[in-house]
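Trainee: Just passing along the structure, written as structure tokens.
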Amino acid sequence: MQKFIIRRLLNLIPTIIGVSLVVFFMIHLAPGDPITLMVGDDASLEDIQRIQATYGFDQPLYVQYFRWFGNALQGDFGLSIRQSRTVTGLIWERAGATVELAFMAMFISILISVPLGVLTALRRGSWIDMGALTVALVGISMPRFWVGLMLLIYLGLNFDFFPLFGRDASLFRGIFTFFTTFNPQEMIVGFRHLILPAISLGTAATALQTRLMRSSMLEVLRQDYVRTAKAKGLSDRVVIFKHALRNAMLPVVTIVGLQFGYLLGGAVVVESVFSWPGLARLIINAVSQRDFPIVQAGTLVVALTFAVINLAVDISYGFLNPKIRYD
Amino acid sequence: MKRVLKNKQALAGLILIFIVSLTAIFAQQLAPNDPYRQNIYNRYESPQGLGGEFILGTDNLGRCVLSRIIMGTRASLYVGLVAVSISFVTGVILGLIAGYVGGRIDEIIMRLMDLILAFPAILLAIFIVAVLGPSLFNAMLAIAIVRVPQLARVTRGQVLALKEEDFVLAAKALGAGHLRILFKHILINSFAPLLVIISLGMGLAIVTEAALSFLGLGTQPPDISWGRMLSTARAALRTAPHVATYTGIAIVLTTLGFNLLGDGLRDVFDPRLK
């Protein structure tokens, strides 16, 4: 096990290097000189040279890459071109909002999909099963941002409870505040802002997980040990919750991990719909403003998070299923 | 084919796809109004129902929403087809080479695929479009690139599984060339899983195009695309909720068709998973 973890950790290194190479060199192949965009067409040559020197753009490309990657490894992503702030600061400020959004979406989808998956598996072929499967398939077919638009139109505009955009408070911090000072204000504000974006981000994940939970449960219910447990005279409840559900959760854990990565990606569009001040929207805005340092760093950070989550899933899978051997 | 038609899901999917395709082909004839004609005095007209001039109402420039949705079918199917074709050809060729040649080349190709998979797909697509510049073609290219690894992986797996089968060895013994073995014996027998991926990939490509166009990175004006329609509709959710609602329903129905077909095909080819 230890060996496996170490090997997987070492595997992260080529991924990080590969991703950083792709991100850096693709951006520098892009048309549109950031300097010209910054200073305008009528800037003097000295001005341009001065700015080039500030950002290190006067160096050869490979020097720029090593400098950038070296600094990035120490958490320094340089300066934003459009906003005179450090990129690390901007990312740090926004990352929390995205993580919170993805977590909430995941939470909602697990809350719905696990019980629903079990229920449909137990009532296989019934109208509940058919209905849930149909809804799930439609759910997978819906673009996340459209779900967001529909929620805004039919809930946001009709009920004052749901704010239409923004994030006035952090739900996580609100919960913390509540447990320390018993003041629920911040928690409620955070929740009201978070709920619609989280639902629209989580729809597809919920649908996928429901289907997976169902088929995984069906698979397990067919196993001999479930029959044995039933034959021993154990009640249905014990058989389902103690024997079947535990084992059926295994593949779901994998998907939950993978989904979390997809949620980070899907957040891009959802954040744009709800003007959610997250990392994804920071990247999108930077793309349209050609703010290269932010795009580079943002993409790198998201890809890294994605890789780390996958790693965590792999490792947790080993703990959950001791049958898996790693050498 | 008979088994496919017998599967209810696949059949429902095929019917939906058939309807959408007909709509795309006969868009010009089906559209009740000129989808490009603007009329500032008729902005955000509510849906008038069957018999009215604007059955699904009008948009921010007074254009007929139904006609624009009908015309938009073309862009969506076009993007789906082109993107899926590009990714299919590239992915399958890479997968065939990796699986058949093996060794160092296999290693290089698969590491490259892993690199693409290291990014969340939509983020990579956005990144590619950002680098190449926003346009319909670049959007299709981006959608295609992010889909290549899956196809390459599945094809490679198939090649590895089939390479040692008796009929392939027999063909080899008969002196068949590498290309002949690859295409006539291995690829043909890998068709089933690839078909499932293609069908599901069409759905994904259509949704991704909508997302990219929604962000202003896909189809550019004056071309009509559902994603762009949603992006303009966003400015008037209160005054004209119908624009966003109906346009989205068109996307959902189209994607649903391909997802139903893909799911149905999988059940047909691999009944164990049902």
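The values are calculated or read from the model by the stated rules, or taken from the named source; none is laboratory data. Values in this document were obtained by computation on a predicted structure and should not be read as measured data. So basically every Cβ, Gly included, is an ideal-geometry build from the backbone, and we count neighbours across all protein chains shown. Note: accessible area is taken over every heavy atom of the protein model, side chains too, but ligands, DNA and RNA are not part of it. Shrake-Rupley method; radii C 1.70, N 1.55, O 1.52, S 1.80 Å.
Trainee: Evaluate E = 1/(1 + (r/R0)^6) for B:Leu11 and A:Gln83, where r is the Cβ-Cβ distance and R0 equals 60 Å; express this FRET efficiency to the nearest 0.05.
Mentor: About 0.65, to the nearest 0.05.
Trainee: Solvent-accessible area of B:Leu179, probe 1.4 Å, all protein chains present, reported in Å² to the nearest ten, please.
Mentor: Around 120 Å² of this residue is reachable by solvent.
Trainee: Considering only C-alpha atoms, what is the centroid distance from the range A:249-310 to the range B:127-152, in Å?
Mentor: If you average the Cα positions of each part, the centres end up 17 Å apart.
Trainee: Accessible surface of A:Phe107 in the full protein assembly, 1.4 angstrom probe, to the nearest 10 Å²?
Mentor: Probe radius 1.4 Å; accessible area of A:Phe107 about 120 Å².
Trainee: A further question on this structure: Check cross-link reach from A:Lys230 to the aspartates and glutamates: straight Cα distance under 20 Å, and skip same-chain residues fewer than eight apart.
Mentor: Within the straight-line cut-off, A:Lys230 pairs with A:Glu219.
Trainee: Taking the Cα centre of the range A:87-320 as origin and charging only Cβ (+1 Lys, Arg; -1 Asp, Glu), how large is the dipole, in debye to the nearest 20?
Mentor: Here the range A:87-320 has a charge dipole of around 820 debye.
Trainee: For B:Lys172, which aspartates and glutamates qualify as cross-link partners when the Cα separation must be under 12 Å and same-chain residues fewer than eight apart are set aside?
Mentor: B:Glu164
Trainee: Could you please state, rounded to a whole Å, how far the C-alpha centre of the range A:218-246 is from the C-alpha centre of the range A:83-133?
Mentor: 28 Å
Trainee: Using +1 at the Cβ of each Lys and Arg and -1 at the Cβ of each Asp and Glu in the range B:2-273, identify which of B:Val82, B:Leu11, B:Trp226 lies farthest towards the dipole's positive end.
Mentor: The residue sitting most towards the positive pole is B:Leu11.
Trainee: While we're looking at this one, here's another question. From the square roots a ≥ b ≥ c of the eigenvalues of the alpha-carbon gyration tensor of chain B, which class results: rounded (a/c under 1.5), prolate (a/b over b/c), or oblate?
Mentor: Prolate shape, in that a/c is at least 1.5 and a/b is the bigger ratio.
Trainee: Given the rule -39500 (n - 2.57) for each run of at least 4 DSSP H residues, summed and divided by the residues of the protein assembly as shown, what is its mean residue ellipticity at 222 nm, to the nearest 500 deg cm²/dmol?
Mentor: -24500 deg cm²/dmol
Trainee: Continuing with the same structure: What helices does chain A have that are whole DSSP H segments, at least 27 Å long along their own axis by Cα, and with mean Kyte-Doolittle hydropathy of -1.0 or more?
Mentor: A:2-29, A:87-122, A:185-221, A:245-274, A:292-320
Trainee: Once you put a point 7 Å from the Cα of B:Asp270 and another 7 Å from the Cα of A:Ile315, both along the Cβ direction, what distance in nm separates them?
Mentor: Taking the two extended label points, one gets 3.0 nm.
Trainee: Separate question: Going by a ≥ b ≥ c, the root eigenvalues of the Cα gyration tensor, does the range B:115-193 fall in the rounded group (a/c under 1.5), the prolate group (a/b larger than b/c) or the oblate group?
Mentor: It is prolate, given that a/c is not under 1.5 and a/b is the larger ratio.
Trainee: Another question, if that's okay. Relative contact order (percent) for chain B, with alpha-carbon contacts under 8 angstrom and 6 or more residues of separation?
Mentor: About 26 percent, as a whole number.
Trainee: Arrange the residues B:Lys184, B:Lys2, B:Lys172, A:Lys232 by how much accessible surface each exposes, largest first, with a 1.4 angstrom probe.
Mentor: B:Lys2, A:Lys232, B:Lys184, B:Lys172
Trainee: I've got another one for you. Can you tell me how much longer the chain between A:Leu29 and A:Leu10 gets when fully stretched, taken as 0.36 nm per residue apart minus their C-alpha distance, in nm with one decimal?
Mentor: Here the answer is 3.9 nm.
Trainee: With every protein chain left in place, what is the accessible area of A:Phe172 in Å² (1.4 Å probe, nearest 10)?
Mentor: 100 Å²
Trainee: Using just the alpha carbons, could you tell me how many Å³ per residue the convex hull of the range A:91-203 encloses?
Mentor: That works out to 130 Å³ per residue.
Trainee: Can you tell me the length gained on complete extension of the stretch A:Phe159 to A:Ile128, counting 0.36 nm per residue apart and subtracting the Cα distance?
Mentor: So the extension gain works out to 8.2 nm.
Trainee: Note down the relative contact order for the range B:216-264 as a percent, whole number, built from C-alpha pairs under 8 angstrom at least six residues apart.
Mentor: 27 percent
Trainee: Could you work out how far the C-alpha centroid of the range B:184-256 sits from that of the range A:1-31, in angstrom?
Mentor: 31 Å
Trainee: Then there is this: Could you tell me whether the protein assembly as shown comes out rounded, prolate or oblate from its Cα gyration tensor? Rule is a ≥ b ≥ c as square roots of the eigenvalues, rounded for a/c under 1.5, then prolate if a/b exceeds b/c, otherwise oblate.
Mentor: rounded
Trainee: Quick one: dipole size for the protein assembly as shown, taken about the Cα centre, charges +1 on Lys/Arg Cβ and -1 on Asp/Glu Cβ, in debye to the nearest 20.
Mentor: The calculation lands at about 2240 debye.
Trainee: Taking every eigenvalue of the Cα gyration tensor of the range A:87-320, multiplying by 5 and rooting it, what semi-axes result, largest first, whole Å?
Mentor: 36, 20, 18
Trainee: Another one. Cα to Cα, under 27 Å, and not fewer than 8 places away if on the same chain: which lysines meet these conditions relative to A:Lys3?
Mentor: Qualifying lysines at Cα under 27 Å: A:Lys323.
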